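Contents: one structure, followed by commentary.
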Amino acid sequence: MMTKRLRVGVVGIGHLGRHHVRLLAAIPEAELVAAVDLVRERAAEAVKAAGVGEALTDFRKLFGRVDAVVIAVPTVEHLRVAGEFLEHGVHVLVEKPMASSLAEADALIAAADRGGVRLAVGHTERFNPAIEAAMPILATPRFIEVHRLSGFPERSLDIDVVFDVMIHDLDIILAADRSEVLGVDAIGVPVLTPRVDIANARIRFASGCIANITASRISRDKVRKVRFFQPDMYISVDYQAQELDVWRLQRRGDARPAIEGGRLEVRQEEPLARELADFVSAIREGRPPLVTGRDGRRALELATRVAEAIEAGTTGSVQAPSAPSFD
């Protein structure tokens, strides 16, 4: 158990990086050392708003000064930046998707293993209080339906909608069903950008579960919901409202069965704050974070299969890649 405060830095002060700085500054067990961005003004504004920390433009100046770092740079830079910190024995939380390819994800995992440090991946929905409350109830889901729809984002789009937003839900369904993915059918369309902006995937698990996922970043209405169907039970989660509804079929001998249930109480909290708190406490307690590098790789592998199915334009199943699995 670490007794001193954890020295932490944030690299990449964009849409998410600013929030990482704000929230880390509020964690009593952490000391925000610095915010790093190629544009010094962005880093300076972030630390000024947080009331603590130094603004830097070179992430290497954090070596020897931090115990852990949050990486929120563009995905193509994840291996280069996060890899250097891991090689220097610094714990890393890297934003999703964890890397640009499975090979790069494997390199990050190997670097963390060599350095004996924690590698966490920023799949924030795992820390949504409604999802956390639903997970213990999910015993044998047989059908999962997801809708994640939003308007066009005011931020850089270096990846398509599958790796940008659908990957959140891919991580959730992989946490709900740990069996092998047998097949992936998918379709996607580029609408406002050269990359796919709206996509649908149908995923088949060895358990028999089927997941149907729709993700869009060009929709008029904002919807973020997942529904789980399992024998005698229906579970609905509204990510955005952090609401959980559970309905059960109650059998009464020879009498007609009744449907009972409703909304369960969920304590609303900011998922990103909970994610950062878990990262800090995992390091201090010497335990794995809730979402490990191997979890991040598994989500990336499934997102890659979805993207390949879209690229192929197939209605058949895409077979599992030959890259090693870390289940």
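Worth a mention:
- With respect to the conditions (1) in a loop (DSSP other than H, G, I, E, B); (2) of a type outside the set (A, V, I, L, M); (3) modelled with pLDDT of 95 or more, E125 lacks only one, and its number is (1).
- Residues that are hydrophobic (A, V, I, L, M, F, W, C) and either free of Cβ contacts under 8 Å to residues at least 24 places away in the same chain or surrounded by 17 or more Cβ atoms within 10 Å (Cβ to Cβ) (or both), drawn from the stretch 211-236: A211, I213, A215, I218, V226, F228, M233, I235
- Any hit, the stretch 83-92, residues being of a type in the set (V, I, T) and touching a residue at least 40 places away in the same chain (Cβ under 8 Å): no
- Filter pass, E132 being closer than 20 Å to G14 by Cβ, modelled with pLDDT of 95 or more and either assigned to a helix (DSSP H, G or I) or not assigned by TED's automatic domain parsing to the domain that holds T193 (or both): no
- For R148: the one exception among (1) surrounded by fewer than 17 Cβ atoms within 10 Å (Cβ to Cβ); (2) under 20 Å from the mean Cα position of the chain (by Cα): (1)
- Entry remark, the stretch 95-114: residues being surrounded by fewer than 21 Cβ atoms within 10 Å (Cβ to Cβ) and part of a loop (DSSP other than H, G, I, E, B) number 2 in total.
- Residues in the stretch 244-258 that are closer than 18 Å to I137 by Cα and surrounded by fewer than 17 Cβ atoms within 10 Å (Cβ to Cβ): D245, W247, R248, L249, Q250.
- If the condition is being farther than 12 Å from T292 by Cβ, of a type outside the set (D, E, K, R) and in contact with a helix residue (DSSP H, G or I) (Cβ under 6 Å, 6 or more places away or on another chain), then the stretch 118-130 contributes T124, F127, N128.
- Taken over the stretch 4-36, residues that are touching a strand residue (DSSP E or B) at 6+ places or on another chain (Cβ under 8 Å) and on the phi < 0 side of the Ramachandran plot amount to 22.
- For the stretch 35-57, a tally of residues being in contact with a Leu (Cβ under 9 Å, 6 or more places away or on another chain) and closer than 17 Å to E84 by Cβ returns 4.
- Residue that is assigned to a loop (DSSP other than H, G, I, E, B), crowded, with 21+ Cβ neighbours inside 10 Å and touching a helix residue (DSSP H, G or I) at 6+ places or on another chain (Cβ under 7 Å), where the choices are V73, V21, V47: V73
The values are calculated or read from the model by the stated rules, or taken from the named source; none is laboratory data. None of the values given here were measured: they were computed from a predicted structure. Cβ: placed from backbone, ideal geometry, glycine included. Neighbour counts: every protein chain shown.
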